[in-house]
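Colleague: One structure coming up, written as structure tokens, with questions to follow.
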Amino acid sequence: MSTIQIHSILDQLEILRSQPHLFVGSESRGMWHFLNGFDLAAGAISVDVDYPKLREATISERGWGTMSSIYEEISLSSKTEEDIVKELINIHIETWKKVLASIE
């Protein structure tokens, strides 16, 4: 995967962050499924880094990761649906930034 491709992924995630309702509405579970599918599609173009490890590092850095499912953990917090959606997107953006940094 090239840096150009990763920048494109980050650009798409930034669009998603600015207007999440255009993609999946306002439900956090829908965003969770959307982002998992996004990662699968992005991964299909081959990442030569350990994406799951980088994602787990991002989750931990953001103060999560005590449960097996990050979605369930965030959902059990006092965050609103909107804040859960933002947090899920932010985790993915930060992880892809780590991917980019690891290949530059």
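Colleague: Work through the residues other than Arg29 whose Cβ is under 11 Å from its Cβ and net out their charges, Lys, Arg +1 and Asp, Glu -1.
Modeller: Values: positive: none; negative: Glu27, Glu72, Glu81.
For residues surrounding Arg29, the net value is -3.
Colleague: Round to a whole angstrom and tell me the spacing of the C-alpha centers of region 64-104 and region 3-49.
Modeller: 12
Colleague: Tally Lys/Arg at +1 and Asp/Glu at -1 over every other residue whose Cβ is under 14 Å from the Cβ of Lys98; what's the total? Walk me through the intermediate numbers first.
Modeller: Numbers: positive: Lys53, Arg55, Arg62, Lys97; negative: Asp39, Asp48, Asp50, Glu56, Glu61, Glu94, Glu104.
Cβ neighbours under 14 Å give a net charge of -3.
Colleague: Would you mind classifying region 3-103 by shape? Square roots of the alpha carbon gyration tensor eigenvalues, ordered a ≥ b ≥ c; an a/c under 1.5 is rounded, otherwise it is prolate if a/b is larger than b/c and oblate if not. Mind showing how you got there, number by number?
Modeller: Numbers: a/c = 1.97, a/b = 1.29, b/c = 1.53.
Verdict is oblate for region 3-103.
Colleague: So, R0 is 30 Å and r is the distance between the beta-carbons of Thr3 and Ser78; what FRET efficiency does that work out to, to 0.05?
Modeller: Values: r = 38 Å, r/R0 = 1.27.
Approximately 0.20, to the nearest 0.05.
Colleague: How high is the relative contact order of the chain, given as a whole-number percent (alpha carbon pairs under 8 Å, six or more residues apart)? Display every interim value, and only then the final one.
Modeller: Numbers: 77 pairs, mean separation 47.7, N = 104.
Computed value for the chain: 46 percent relative contact order.
Colleague: Keeping to pairs on different chains or 8 or more places apart, tell me how many lysine pairs in the chain have Cα atoms under 19 Å apart.
Modeller: 4
Here, each number is a calculation from the coordinates, and none is a lab measurement. Computed from a predicted model, the values in this text were never measured in an experiment. Please note: Cβ atoms are built from the backbone with ideal geometry, for glycine as well, and neighbour counts cover all protein chains shown.
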